[in-house]
Amino acid sequence: MSIAVIYGGTRPKGNSELLTDHAVQGIAAEKVYLKDYIIKPIEDMRHSPEGFQDRNDDYNSIIDRLLPHDIIIFSTPIYWYSMSGTMKNFIDRWSQTLRDANYPDFKKTLSSKKAYVIAVGGDNPYIKGLPMIQQFKYIFDFMGIEFGGYILGKGSQPGDVLQDKEAFFAASQLNNGLKNL
């Protein structure tokens, strides 16, 4: 089983990254930091005669890195009860890829994958992060991706999540599960 991690945070070694890194510690995983790429917002061309056009950015290179893997871990801070804008922008572009002739089996390919979500927020994330988890579940359901589960952690200031013993225990459990695949 091969693993790709999509990091949606913008702070180097941010809380969500720290927790995710613990979950994949000692496991070969392709790590993609969305902050390091230019991903233009989707331009909705579904109803235009010419359809979606190439946005001339880094998005397709990320999709090309993601598709070969069996497991995808989405790592994001919780911003305003949802995923980061960077992560949302990336997923919004899936609408374009679903209609891209260069990716004729995009949905079918993603439906063979399993996904996990790891997210950290500061203000009661175990409750206030649940709408975001539901959003991911709907995304995965639509694409046919198996939802393997999620981990929510607490942290506002840099490094705060390191004090969240429950989140790190859950990340250790995920790590053990991934190692046994």
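The values are calculated or read from the model by the stated rules, or taken from the named source; none is laboratory data. Everything quoted here is computed from the prediction, not taken from an experiment. Here the Cβ positions follow ideal geometry from the backbone for every residue, glycine too, while neighbour counts run over all protein chains shown. For the accessible areas, the whole protein counts, side chains as well, though only heavy atoms, and no ligand, DNA or RNA atoms are used. Shrake-Rupley method; radii C 1.70, N 1.55, O 1.52, S 1.80 Å.
For the range 17-31, which positions are open to solvent by 10 Å² or more (accessible area, probe 1.4 Å) and of a type outside the set (A, V, I, L, M)?
17, 21, 22, 25, 26, 30, 31, listed by residue number.
Taking the conditions exactly as written (within 15 Å of residue 66 (Cα to Cα), touching a residue at least 60 places away in the same chain (Cβ under 8 Å) and either surrounded by 19 or more Cβ atoms within 10 Å (Cβ to Cβ) or not hydrophobic (A, V, I, L, M, F, W, C) (or both)), does residue 90 satisfy them or not?
yes
What's the number of the only condition in (1) touching a Pro at 6+ places or on another chain (Cβ under 6 Å); (2) farther than 14 Å from residue 19 by Cα that residue 152 fails to meet?
Going through (1) touching a Pro at 6+ places or on another chain (Cβ under 6 Å); (2) farther than 14 Å from residue 19 by Cα one by one, residue 152 breaks only (2).
Yes or no: the range 35-42 includes at least one residue that is touching a Ser or Thr at 6+ places or on another chain (Cβ under 7 Å), open to solvent by less than 50 Å² (accessible area, probe 1.4 Å) and either aliphatic (A, V, I, L, M) or within 16 Å of residue 100 (Cβ to Cβ) (or both).
The answer is no; no qualifying residue exists.
Residues that are touching a Phe, Trp or Tyr at 6+ places or on another chain (Cβ under 6 Å) and farther than 28 Å from residue 158 by Cα: does the range 38-51 have at least one?
Yes: one or more hits.
Right, residue 130: over 30 Å from residue 52 (Cα atoms), surrounded by fewer than 16 Cβ atoms within 10 Å (Cβ to Cβ) and in contact (Cβ under 8 Å) with a residue 24 or more places away in the chain or not?
It is false that residue 130 is over 30 Å from residue 52 (Cα atoms), surrounded by fewer than 16 Cβ atoms within 10 Å (Cβ to Cβ) and in contact (Cβ under 8 Å) with a residue 24 or more places away in the chain.
Sort through 123, 160, 105 and tell me the only one that's over 16 Å from the mean Cα position of the chain (by Cα), over 21 Å from residue 27 (Cβ atoms), touching a residue at least 12 places away in the same chain (Cβ under 8 Å) and open to solvent by 70 Å² or more (accessible area, probe 1.4 Å). Please lay out each step first, then the result.
On the way: 160 fails: open to solvent by 70 Å² or more (accessible area, probe 1.4 Å); 105 fails: touching a residue at least 12 places away in the same chain (Cβ under 8 Å).
Answer to the check: 123.
Here's a check for you: in the range 1-16, which residue that is part of a loop (DSSP other than H, G, I, E, B) and among the small types (Gly, Ala, Ser) is surrounded by the most Cβ atoms within 10 Å (Cβ to Cβ)?
Only one residue tops the list, namely 8.
Is it true that residue 62 is touching a Leu at 6+ places or on another chain (Cβ under 8 Å), of a type outside the set (S, T, N, Q) and either open to solvent by less than 50 Å² (accessible area, probe 1.4 Å) or closer than 22 Å to residue 16 by Cβ (or both)? Give the derivation first.
On the way: touching a Leu at 6+ places or on another chain (Cβ under 8 Å): yes; of a type outside the set (S, T, N, Q): yes; either open to solvent by less than 50 Å² (accessible area, probe 1.4 Å) or closer than 22 Å to residue 16 by Cβ (or both): yes.
When the stated conditions are applied, residue 62 passes them.
Report yes if some residue within the range 69-91 is of a type in the set (Lys, Arg) and under 20 Å from residue 137 (Cβ atoms); otherwise report no.
yes
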